[in-house]
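A short worksheet on the structure shown next.
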Amino acid sequence: MRFATQCVHAGQTPDPSTGAVMTPVYFTSTFAQRAPGDHDGYEYARVHNPTRTALEGNLAALEGAAHGVAFASGVAATDAVLKGLSAGDHVVATNDLYGGTYRLFTQVYERFGLAFTFADLTDPANLEAALQANTKLVWLETPTNPLLRILDIARLADIAHAAGADVVVDNTFATPMLQQPLALGADLVVHSATKYLGGHSDVILGAVLTSRDDWNERLRFQVKSTGAVPGPMDCFLVLRGTKTLHLRVERACANAERIVAFLADHPKVGAVLYPGLPSHAGHDVAKRQMARYGAMVSFTLKDDRVETAHALMSRTNVFTLAESLGGVESLIEHPTSMTHGSIPADVRRAAGLSDSLIRLSVGVEDVQDLIDDLSAALDTV
Ligand SMILES: *Cc1c(COP(=O)(O)O)cnc(C)c1O
């Protein structure tokens with residue numbers, strides 16, 4: 001099956017007992033057995049639930065993986081991967097990471113004896129320098145948030161594998177529609193399905209996809225032993241979301257490209273950060289490893305003051321001022337004071353996060369309404 005067909009069908013068959021075309025939401029904690037140990041694969045719903053099984057099959061197919069394991073959130077999915085390591089192991093991660101991932105690594109797992117090195121992996125030489133004899137995992141995220149930097153997955157995977165380390169890619173921003181990390185050499189893909197996979201900003205869920213049987217066993221063990229599982233209704237909502245993933249992402253990318261062209265020509269706009277722009281430092285790599293450049297757009301104002309950015313984003317009407325991303329609705333936010341507020345100002349500026357940086361999650365509305373909205377707000381600052 002091709003991608004769009006997988007979006008609609010993978011992991012799902014009409015319900016064998018009723019013929020229901022849509023996967024039922026199995027609200028049950030336990031399953032009847034014919035005799036002790038004689039059952040159809042379902043015993044207790046922490047370990048397996050049929051709605052979750054359908055979702056896991058769907059997400060695995062979309063990433064070209066043999067196995068899918070769903071968790072209660074993207075952070076819980078990340079947590080389950082880390083629990084596959086042991087005290088004394090070392091992880092190299094890109095320095096431009098999702099804030100919650102950085103917090104989990106440094107404030108939880110460092111206390112349990114894992115060691116982390118954060119490096120600018122836009123230059124693969126920095127990975128070679130950061131690897132140690134005990135490096136077990138290389139953690140990548142591309143495009144990054146909010147600077148939309150691009151990492152060369154295939155090149156970094158080769159370097160990591162030569163040193164005996166496994167590679168994880170957080171594919172939340174790109175989605176499997178635009179980028180397939182396993183085909184590029186990654187061992188594991190992590191998703192916050194809260195974003196594009198769910199696609200409607202109505203659910204929190206995460207998943208890990210892999211074709212490695214050993215990792216699948218480790219993750220299944222975590223599901224059973226640490227139990228951060230999603231409920232069946234949440235699984236149903238994400239399954240409903242992925243049915244239109246291809247349509248939503250296509251439209252959102254097209255809208256983002258038009259908005260980038262508008263911003264690039266606007267006299268009050270400073271830099272526009274979008275991997276689809278030939279001037280973007282990661283453009284050539286993005287062109288190679290992504291089908292399109294995504295629907296996240298960041299830009300700065302020539303008037304680089306926090307107050308000006310705040311004024312702009314409190315004056316949009318179609319774009320909603322909110323954290324998160326990947327839903328059908330367009331969102332606008334100020335990383336410096338919202339999602340990335342915990343990073344000290346000097347560290348933030350050194351990383352290229354200027355005070356006026358504004359991040360857009362472009363949705364699927366009529367693009368002219370989105371452009372008119374930004375245009376009117378820019379006129380007022
Ligand atoms: C939101 C997000 C996460 C965390 O996912 P939750 O579902 O919020 O727990 C991880 N990585 C990226 C890139 C994200 O955007």
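Whether a residue is surrounded by fewer than 18 Cβ atoms within 10 Å (Cβ to Cβ), touching a Lys or Arg at 6+ places or on another chain (Cβ under 9 Å) and among the basic types (K, R) was assessed, and R103 does not pass this test. Residues in region 102-149 that are more than 14 Å from the ligand (Cβ to nearest atom) and in contact (Cβ under 8 Å) with a residue 40 or more places away in the chain: 7 in all. Out of D379, D346, one residue alone is under 16 Å from L301 (Cβ atoms), open to solvent by 40 Å² or more (accessible area, probe 1.4 Å) and acidic (D, E). It is D379.
For Q6, the test of being within 23 Å of P232 (Cα to Cα), open to solvent by 70 Å² or more (accessible area, probe 1.4 Å) and polar (S, T, N, Q) is failed. Of all positions in region 213-221, none carries a residue that is open to solvent by less than 30 Å² (accessible area, probe 1.4 Å), within 16 Å of the ligand (Cβ to nearest atom) and touching a His at 6+ places or on another chain (Cβ under 6 Å). Residues that are touching a strand residue (DSSP E or B) at 6+ places or on another chain (Cβ under 8 Å) and closer than 19 Å to V260 by Cα within region 338-373 comprise S354, S356, L357, I358, R359, L360, S361, V362, G363, listed in sequence order. Scanning region 84-100 for residues that are open to solvent by 10 Å² or more (accessible area, probe 1.4 Å), among the hydrophobic types (A, V, I, L, M, F, W, C) and within 16 Å of the ligand (Cβ to nearest atom) returns a single hit, L97.
Residues are listed down the side, and each one gets a yes or a no for (1) under 30 Å from A271 (Cα atoms); (2) assigned by TED's automatic domain parsing to the domain that holds R348; (3) within 18 Å of the chain's Cα centre (by Cα):
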| residue | (1), (2), (3) |
| --- | --- |
| T117 | yes, no, no |
| P124 | yes, no, no |
| N134 | no, no, no |
| A163 | no, no, no |
| V167 | no, no, yes |
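Here T194 meets each of (1) within 14 Å of the ligand (Cβ to nearest atom); (2) open to solvent by less than 10 Å² (accessible area, probe 1.4 Å) with one exception, condition (2).
The values are calculated or read from the model by the stated rules, or taken from the named source; none is laboratory data. Not measured: the values here are computed from a predicted model. Neighbour counts run over all protein chains shown; Cβ positions are idealised from the backbone, glycine included. The area values use the complete protein model at the heavy-atom level, side chains included, leaving out ligands, DNA and RNA. Shrake-Rupley method; radii C 1.70, N 1.55, O 1.52, S 1.80 Å.
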